[in-house]
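Novice: So that we are looking at the same thing, I have put the structure below in structure tokens.
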Amino acid sequence: VELSGMAGSSLAEKHFRFVVVGGGISGVTCAEQLAFQFPKEEVALLTAAPLVKTVTNLRQVSKTLEDFDVEEQPSSILEEKHPNLKVIHSAVRVLHAKQHVLQTEDGHNVHYEKLCVCTGARPKLVMEENPHVLGIRDTDSAQDFQKKLSKARRIIVIGNGGIALELVYEVEGCEVIWVIKDKAIGNTFFDAGAAQFLIPSLEVEKPEKSLPCKRARYTTDRAAKPKAGSADLGSALGPDWHQDISLRGAEAVSHNVHVEYECEIEAIHSQQDFMQSPLYTQKSDLGVWPVYAQLTNGKVYGCDFIVSATGVVPNSEPFLQGNSFELAEDRGLRVDEHMRTSEPDVYAAGDVCSAGWEPSPLWQQMRLWTQARQMGFYAARCIEAHVLEEAIELDFCFELFSHITKFFNYKVVLLGKFNAQGLGSDHELLVRCTKGLEYVKVVLSRGRMVGAVLIGDTDLEETFENLILNQMDLSSYGEELLNPDIDIEDYFD
Ligand code: FAD
């Protein structure tokens, strides 16, 4: 077998039965589960970043909703917990899938029998390698952002997903121009009605202290963080990533957010380019800024820097060359219902993979924390089943999409086809909204509940989850379903 870059015996050859790549939630969950399932076998976790993510205080909120804390910890913690788990700090450079061997950046060859790729995803930037365009992914990039923000008077945030939503709400003391290509804010997560409910939160002072809310908490053990590391390959931050970082700009204002709807970035100009362009003569009243963004609606804004929060790209590249992985449109490694990629003995989980199985009518993949954990866990179970030649069924967690989070200081629960995804006109919506308090939306299809958005402390999640899972015919209840005077929990008990 000829492996490029292998220069004889000086390179260390390592052999493990199971190898997992990636120290994020999916990789750590998968490696821990494998180590637990096969106590007599050696499991290796290869990761580029010096710290690994571990899940603690896992709480099952309801049948499918789960909540946990995430801690960034030194990898020795994993090795202490599982004597048969070895963490190797090195990025994978290339995979030779036929030969079942990985080559690391520092020249090791790691042989495996079964491999699970959990390398996550990175932010999609509107413009690569522009010093004025920033993506937020890990602790390092969040700290870089914070540093830049502390001197900033105005920033532009592009994107309409979860990260953008959190950013525009959390940033204080700096004007935010929020550029979204949709008609309403947050449309990855909810509809225009919910957006309408949330918008006023951007216009008022933020409450002094966050209200307590059930959701995962992200903590960083700063003392344990080595100074140098593979900064480019850190794992994704998760919920509450901004909890410990003050997101304060240079000005003495609280919220100052202006939304530019239905437009995108047309061009980004450096100060020098802008001053020399014909645009400058037309728009010379814009003031002097480090960078200028020209929008597709014709407007131009100067700002200190631009945050690109327009989604992520799976980190699949190091695995592709010379292999024949089937990729999804989003460049994720396509996996079947047993988390297998198209290369024998190579599995994938978390942000790097794209679910290629026929999904349950109530589930969709979203690159989220909980799904990373569920997929990592399930991939380990599948590997075990295949090794032992046992049958395994798709895990119950893939029956119903469920997500619990917090936006604009409100608890947010999303269930099933919460945005009527894929339903076309074959659905109806029931909405109940109390300004400043709660927003409840139910998606019904042929009389059955298929999705829900719950904003605020509605306490409806368990009942609605049951109604969605059991697909009871609710046609006879009509709008009564959301009548606040009826205790719906008792009703369906
Ligand atoms: P990651 O956590 O990205 O881990 C990937 C790992 O692979 C890292 O350890 C990395 O070092 C390693 N790696 C990469 N390339 C290589 C290589 N070549 N060789 C070796 N190792 C490599 N989700 C939520 O559910 N709720 C939220 O509120 C939320 N907020 C977020 C906020 C931010 C700012 C970001 C960026 C993401 C957020 N997410 C949130 C998404 C969530 O963080 C991800 O879905 C989740 O972390 C994915 O986990 P993962 O294990 O698949 O990948």
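The values are calculated or read from the model by the stated rules, or taken from the named source; none is laboratory data. Computed from a predicted structure; not experimentally measured. Methodologically, a virtual Cβ is constructed for each residue, glycine included, from the backbone with ideal geometry; neighbour enumeration extends over all protein chains shown.
Novice: Within region 367-374, is even one residue surrounded by fewer than 15 Cβ atoms within 10 Å (Cβ to Cβ), touching a residue at least 60 places away in the same chain (Cβ under 8 Å) and in a loop (DSSP other than H, G, I, E, B)?
Specialist: no
Novice: Identify, by number, the condition in (1) free of Cβ contacts under 8 Å to residues at least 12 places away in the same chain; (2) within 16 Å of the ligand (Cβ to nearest atom) that Glu105 doesn't meet.
Specialist: So the condition that Glu105 fails would be (1).
Novice: Tally time: how many residues in region 445-486 are in contact with a strand residue (DSSP E or B) (Cβ under 8 Å, 6 or more places away or on another chain), aliphatic (A, V, I, L, M), surrounded by fewer than 20 Cβ atoms within 10 Å (Cβ to Cβ) and not in a helix (DSSP H, G or I)?
Specialist: Of the residues in region 445-486, 2 are in contact with a strand residue (DSSP E or B) (Cβ under 8 Å, 6 or more places away or on another chain), aliphatic (A, V, I, L, M), surrounded by fewer than 20 Cβ atoms within 10 Å (Cβ to Cβ) and not in a helix (DSSP H, G or I).
Novice: Could we say that Gly424 is at positive phi and in a loop (DSSP other than H, G, I, E, B) here?
Specialist: The answer is yes for Gly424.
Novice: Mind listing whichever residues of region 158-173 are buried (at least 22 other Cβ atoms within 10 Å of the Cβ) and farther than 15 Å from Phe407 by Cβ?
Specialist: Hit for region 158-173 is Ile158, nothing else.
Novice: Select, from Leu474, Leu414, the only residue that is touching a Ser or Thr at 6+ places or on another chain (Cβ under 8 Å) and either more than 23 Å from Glu66 (Cβ to Cβ) or not acidic (Asp, Glu) (or both).
Specialist: Just a single option satisfies the conditions, and that option is Leu414.
Novice: Just a yes or no: is a residue in region 348-360 touching a helix residue (DSSP H, G or I) at 6+ places or on another chain (Cβ under 8 Å), away from the ligand (no atom under 12 Å from the Cβ) and part of a loop (DSSP other than H, G, I, E, B)?
Specialist: Yes: region 348-360 contains one or more residues that are touching a helix residue (DSSP H, G or I) at 6+ places or on another chain (Cβ under 8 Å), away from the ligand (no atom under 12 Å from the Cβ) and part of a loop (DSSP other than H, G, I, E, B).
Novice: Restricting attention to region 362-373, which residues are of a type outside the set (Phe, Trp, Tyr), within 11 Å of the ligand (Cβ to nearest atom) and over 25 Å from Ile199 (Cα atoms)?
Specialist: Passing the criteria: Gln365, Thr370, Gln371, Ala372, Arg373.
Novice: From the list Leu333, Leu320, Leu295, pick out the single residue that is farther than 30 Å from Ala250 by Cα, buried (at least 18 other Cβ atoms within 10 Å of the Cβ) and either within 16 Å of the ligand (Cβ to nearest atom) or at pLDDT 90 or above (or both).
Specialist: Leu333
Novice: Here's something else I'd like to know. Restrict the check to region 131-142 and report whether at least one residue is assigned to a strand (DSSP E or B) and more than 18 Å from the chain's Cα centre (by Cα).
Specialist: For region 131-142, residues assigned to a strand (DSSP E or B) and more than 18 Å from the chain's Cα centre (by Cα): present.
Novice: In addition: Mind checking whether some residue in region 92-105 is under 23 Å from the mean Cα position of the chain (by Cα) and at pLDDT 90 or above?
Specialist: Looking through region 92-105, at least one residue is under 23 Å from the mean Cα position of the chain (by Cα) and at pLDDT 90 or above.
Novice: Going by the structure shown, is Val443 touching a residue at least 60 places away in the same chain (Cβ under 8 Å) and touching a Gly at 6+ places or on another chain (Cβ under 7 Å)?
Specialist: So Val443 does not fit the description; no.
Novice: Here is a further query. How about region 336-347: which of its residues are part of a loop (DSSP other than H, G, I, E, B) and crowded, with 20+ Cβ neighbours inside 10 Å?
Specialist: Met339, Thr341, Glu343
Novice: Quick one: Gly311 ticks every box in (1) within 11 Å of the ligand (Cβ to nearest atom); (2) on the phi < 0 side of the Ramachandran plot bar one, so which box is it?
Specialist: (2)
Novice: For region 408-434, give me each residue that is modelled with pLDDT under 90 and in contact with a helix residue (DSSP H, G or I) (Cβ under 8 Å, 6 or more places away or on another chain).
Specialist: Phe408, Asn409
Novice: Which of the residues belonging to region 409-420 are among the hydrophobic types (A, V, I, L, M, F, W, C) and buried (at least 21 other Cβ atoms within 10 Å of the Cβ)?
Specialist: Val412, Val413, Leu414, Leu415, Phe418
Novice: Could you tell me whether Leu45 is free of Cβ contacts under 8 Å to residues at least 60 places away in the same chain, within 16 Å of the ligand (Cβ to nearest atom) and under 26 Å from the mean Cα position of the chain (by Cα)?
Specialist: Here the answer is yes, as Leu45 does meet what is asked.
Novice: Right, next: Being in contact with a Leu (Cβ under 6 Å, 6 or more places away or on another chain) and in a helix (DSSP H, G or I) narrows it down to one of Ala385, Ala380, so name that one.
Specialist: Selected residue: Ala380, the only one of Ala385, Ala380 that is in contact with a Leu (Cβ under 6 Å, 6 or more places away or on another chain) and in a helix (DSSP H, G or I).
Novice: Let me ask another. Looking at Leu388, Leu430, Leu400, Leu423, which is the one that is more than 15 Å from the ligand (Cβ to nearest atom), surrounded by 15 or more Cβ atoms within 10 Å (Cβ to Cβ), over 30 Å from Val168 (Cα atoms) and not basic (Lys, Arg)?
Specialist: Criteria check complete, one pass: Leu423.
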